[in-house]
Amino acid sequence: MMKRDDCLRVLARHIPEEIVVAVYSAAFDWVVIRPHVLNYFAVGAMGLASSHGLGLALGRPDRKVIVLDGDGSLLMNLGSLATVAATAPRNFYHFVCENGTYEANGAHPIPGRGKLSFAGMAREAGYAATHEFADLGHFEQRIGEVLGETGPVLIDLKLVPGAESPRDYRGLYAAERRAAFRAALAG
């Protein structure tokens, strides 16, 4: 298993200017690891990361869209896998931070914990490619190649929590941050 913050640091080195949609614990880690104007945070919208990311990918086909989803969050909207596959955005990279829990809601176990295959569900839904990573070294070796694939691509990251990041909800949703995102997206 990989620590989430270590894994996200590796990812950040490979996506300097991409649009990133992050939810819940990944969002709080991401804002610390890669503060950027093209970060879009959807804390409080459980299950909608892939839907938000899909809209951005379709609206800006010239830019890669990276979705940092949670396993519990994705379970809330499994139908989005079929929708993403049907629209087939070539610029869509869906990372699932799988830790087997609804971490944001007290770390309660998700249904099917340890038995589900998010990569398998995405593959069956019609994603162009799927991957699973549980070893940080292997992830670091392959992530450049994975991000070079034509989307939609689902990447299942087998994780444990890392260092605790500050939970600054006001900062994530600051009016200035939202305005800067809209301006950067339009540019």
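Just one of the numbered conditions (1) part of a loop (DSSP other than H, G, I, E, B); (2) among the hydrophobic types (A, V, I, L, M, F, W, C); (3) within 25 Å of residue 37 (Cα to Cα) is not true of residue 116; which one?
(3)
Going through 60, 34, 13 one at a time, which residue ends up being buried (at least 19 other Cβ atoms within 10 Å of the Cβ), more than 13 Å from the chain's Cα centre (by Cα), over 22 Å from residue 118 (Cα atoms) and not hydrophobic (A, V, I, L, M, F, W, C)?
Residue meeting the stated conditions: 34.
Being hydroxyl-bearing (Ser, Thr, Tyr) and under 11 Å from the mean Cα position of the chain (by Cα) narrows it down to one of 51, 80, 73, so name that one. Reasoning before the result, please.
Values: 51 fails: under 11 Å from the mean Cα position of the chain (by Cα); 80 fails: under 11 Å from the mean Cα position of the chain (by Cα).
Among 51, 80, 73, only 73 is hydroxyl-bearing (Ser, Thr, Tyr) and under 11 Å from the mean Cα position of the chain (by Cα).
Those residues that are assigned to a helix (DSSP H, G or I) and either polar (S, T, N, Q) or at positive phi (or both), I need them from the stretch 41-55; list them, please.
50, 51
Restricting to the stretch 22-40, give me the number of residues that are part of a helix (DSSP H, G or I), β-branched (Val, Ile, Thr) and without any contact (Cβ under 8 Å) to a residue 60 or more places away in the chain. Walk me through it before giving the result.
Initial filter on the stretch 22-40 (part of a helix (DSSP H, G or I)): 24-33.
If we keep only those that are β-branched (Val, Ile, Thr) too, we end up with 31-33.
Going one step further and asking which of them are without any contact (Cβ under 8 Å) to a residue 60 or more places away in the chain, we end up with 33.
Residues that pass the stated criteria total 1.
Could you please find all residues in the stretch 149-179 being of a type outside the set (A, V, I, L, M, F, W, C) and under 25 Å from residue 136 (Cβ atoms)?
Of everything in the stretch 149-179, those that are of a type outside the set (A, V, I, L, M, F, W, C) and under 25 Å from residue 136 (Cβ atoms) turn out to be 149, 151, 152, 156, 158, 161, 162, 164, 165, 166, 167.
Give the residue that is surrounded by the most Cβ atoms within 10 Å (Cβ to Cβ), with candidates limited to residues of the stretch 131-187 that are outside any strand (DSSP E or B) and among the acidic types (Asp, Glu).
The residue in question is 140.
Checking residue 39 against (1) modelled with pLDDT of 95 or more; (2) farther than 18 Å from residue 165 by Cα, only one condition comes out false. Which one?
Of (1) modelled with pLDDT of 95 or more; (2) farther than 18 Å from residue 165 by Cα, only one is false for residue 39: (2).
Looking at 186, 179, 119, 128, which is the one that is at pLDDT 95 or above and either of a type in the set (D, E, K, R) or more than 22 Å from residue 7 (Cα to Cα) (or both)?
128
Would you call residue 137 in contact with a helix residue (DSSP H, G or I) (Cβ under 9 Å, 6 or more places away or on another chain) and at negative phi?
Values: in contact with a helix residue (DSSP H, G or I) (Cβ under 9 Å, 6 or more places away or on another chain): no; at negative phi: yes.
Spelling it out, it is not the case that residue 137 is in contact with a helix residue (DSSP H, G or I) (Cβ under 9 Å, 6 or more places away or on another chain) and at negative phi.
The values are calculated or read from the model by the stated rules, or taken from the named source; none is laboratory data. Quick caveat: nothing in here was measured; it's all calculated off a predicted structure. Quick reminder, even Gly has a Cβ in these numbers, built from the backbone with ideal geometry, and neighbours come from all protein chains shown.
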